[in-house]
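Accompanying notes for the structure given below.
The values are calculated or read from the model by the stated rules, or taken from the named source; none is laboratory data. Please read these numbers as outputs of a predicted model, since none were measured by experiment. In this analysis, Cβ positions are derived from the backbone assuming ideal geometry, glycine residues included, and neighbour counts consider all displayed protein chains. Accessible surface areas use protein heavy atoms only, side chains included; no ligands, DNA or RNA. Shrake-Rupley method; radii C 1.70, N 1.55, O 1.52, S 1.80 Å.
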Amino acid sequence: MEIGMMSEEMPIMGPPSVTCLYGNYKESSPDFARERDLCMQCFEKWSESEQTEFVELLLTKMLHHQHSHVSSFLRPMLRRDFISLLPKKGLDHVAENILSYLDAKSLCAAELVCKEWYQVISEGMLWKKLIERCVRTDSLWRGLMERRGWIKYLFKPSPGEPHPDHMFYRRLYPKIIQDIENIETNWRCGRHTLKRINCQSENSKGVYCVQYDDNKIVSGLRDNTIKVWDRSSLECIQVLTGHTGSVLCLQYDDRVIISGSSDSTVRVWDVKTGELINTLIHHCEAVLHLRFNNGMMVTCSKDRSITVWNMVSPSEITIQRVLVGHRAAVNVVDFDEKYIVSASGDRTIKVWNTSTCEFVRTLNGHKRGIACLQYRDRLVVSGSSDNTIRLWDIESGACLRTLEGHKELVRCIQFDNKRIVSGAYDGKIKVWDLAAALDPRAPAGSLCLRTSVEHSGRVFRLQFDDFQIVSSSHDDTILIWDFLNGTPPETPAMTVRSPSRTYTYVSK
């Protein structure tokens, strides 16, 4: 319905004009105008509370459709551009704080509202604050900012180094988004640059375990040594000797490297000097895997046992409990504050209470021995010599999904909140979509995103983050797969045909 607009001359005490709320109105009578003016004179004399009471009483006498028209009339009057008004009241910081909660799309829209809004956003450096918020909450953002060297422009500046202006961050945000999209595309398409470390073992060849950070890679070798490699030069900077058997597992933090060996011992080394601090002799056969965190360590062995250790200091490590129940070698363990999870050649995964060390449940499903697993929150992901990967709910014990694709034993596995990466004795590394794997409606063919073959031998161990995979193999090499600086895709040849001949243009 069209709304008619009518302006009338009003006395000084009333509003300059009245908007008529009806489209099909009749001409007002002289009596109405006189009586209305009298009402307005009285209304002006009343207090605010009396005016409100009168209007409320008036509304109770009106019909529903009249209420609708009054509501339409009031709605624009009730709107206030508080973002523009706050700085005029000296409350710029309040306006900035409100807009700082916007995401990127909303912040773009807010810039276009008016010049006052744009001024609040630019003077408040809200694009900088948005980037900082993402860096605080997302490891991918933080890692990318550190690798690109942009982290120095965030948070508190170094003394004497002022930060760039608002437009720098406004232009930086889409660059970051493009980088993140490129990284995800590189993972899906298998685009990466590859660096190779040849360990050059003298006698026995093979790298059984590996862990890395931004500065170094620590590897355990079949030749009984632990070698530390510089990340920049890829040169060996330290060799730790002492084990009399192959180094099958290791883990390090900012203080120590702890290693397990086929010589049945667990050794503790100073991470900076490489000095041997402690040797733990308990298992009667090879130590196949270990994990430590927050003063607790769990080791497992070919002797079918799991040992829980109390770590007071690197030199003071004592046995807390020995867990038995597996009927074959225990190949891998993982734990958090709630559960210890172990997997064995007996085809089972067993769950134990971390605080009491009491047995909780067994996860059954694999048809052959289990070589690897990772446990986090409610999810357990395991790899087996039946060539499959299984996803489990640790609370219910249910198998959520079985992933098939490897042709030989699945030797190593890791997952994060996006993907699962597995390595197997077939020499292949496969990347799987975790969200799809957890969706029962997703077809089996959509689960494996990429298969890569670069090792010439069995893949023994891998570790990955948002930007890279580091893997080790029986071929005596460590490979670094860099997805941040992935090689661009080759431009396909474009064929242009003429009536008489064919020209092929290849863009390089």
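One table, with the values for the structure above:
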read-out: Qualifying positions in the stretch 323-337 - small (Gly, Ala, Ser) and under 17 Å from residue 394 (Cβ atoms); value: 325
read-out: Single residue of 154, 144, 57, 130 found to be more than 25 Å from residue 417 (Cβ to Cβ) and of a type in the set (A, V, I, L, M); value: 57
read-out: Single residue of the stretch 312-330 satisfying the filter (crowded, with 19+ Cβ neighbours inside 10 Å and closer than 26 Å to residue 276 by Cβ) that is farthest from the chain's Cα centre (by Cα); value: 317
read-out: Every residue from the stretch 439-456 that is within 21 Å of residue 386 (Cβ to Cβ) and either among the polar types (S, T, N, Q) or surrounded by 14 or more Cβ atoms within 10 Å (Cβ to Cβ) (or both); value: 447, 448, 451
read-out: Subset of the stretch 254-273 (residues that are part of a loop (DSSP other than H, G, I, E, B), in contact (Cβ under 8 Å) with a residue 24 or more places away in the chain and under 16 Å from residue 313 (Cα atoms)); value: 255
read-out: For residue 350: the one exception among (1) closer than 23 Å to residue 323 by Cβ; (2) open to solvent by 20 Å² or more (accessible area, probe 1.4 Å); (3) out of contact with any Gly (no Cβ under 8 Å at 6 or more places or on another chain); value: (3)
read-out: Some residue of the stretch 468-478 being on the phi > 0 side of the Ramachandran plot and touching a residue at least 60 places away in the same chain (Cβ under 8 Å); value: yes
read-out: Meets criteria (β-branched (Val, Ile, Thr), in contact with a Cys (Cβ under 9 Å, 6 or more places away or on another chain) and surrounded by 14 or more Cβ atoms within 10 Å (Cβ to Cβ)) for residue 340; value: yes
read-out: Within the stretch 118-157, tally of residues that are touching an Asp or Glu at 6+ places or on another chain (Cβ under 7 Å), in contact (Cβ under 8 Å) with a residue 24 or more places away in the chain, closer than 29 Å to residue 468 by Cβ and open to solvent by less than 80 Å² (accessible area, probe 1.4 Å); value: 4
read-out: Any pair with Cβ under 8 angstrom, 6 or more apart, that starts in the stretch 288-313 at a residue that is more than 16 Å from residue 357 (Cβ to Cβ) and among the charged types (D, E, K, R) and ends at one that is open to solvent by 10 Å² or more (accessible area, probe 1.4 Å) and in a strand (DSSP E or B); value: 302/288
read-out: Failed condition for residue 478, given (1) buried (at least 19 other Cβ atoms within 10 Å of the Cβ); (2) within 21 Å of residue 390 (Cβ to Cβ); value: (2)
read-out: Residue 52 vs. criteria under 21 Å from residue 176 (Cα atoms) and either open to solvent by 60 Å² or more (accessible area, probe 1.4 Å) or touching a residue at least 24 places away in the same chain (Cβ under 8 Å) (or both); value: no
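Table: residues versus (1) closer than 21 Å to residue 291 by Cα; (2) open to solvent by 20 Å² or more (accessible area, probe 1.4 Å); (3) polar (S, T, N, Q).
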position	(1), (2), (3)
361	yes, yes, no
364	no, yes, yes
382	yes, no, yes
388	no, no, yes
403	no, no, no
415	yes, no, no
421	yes, no, no
424	no, no, no
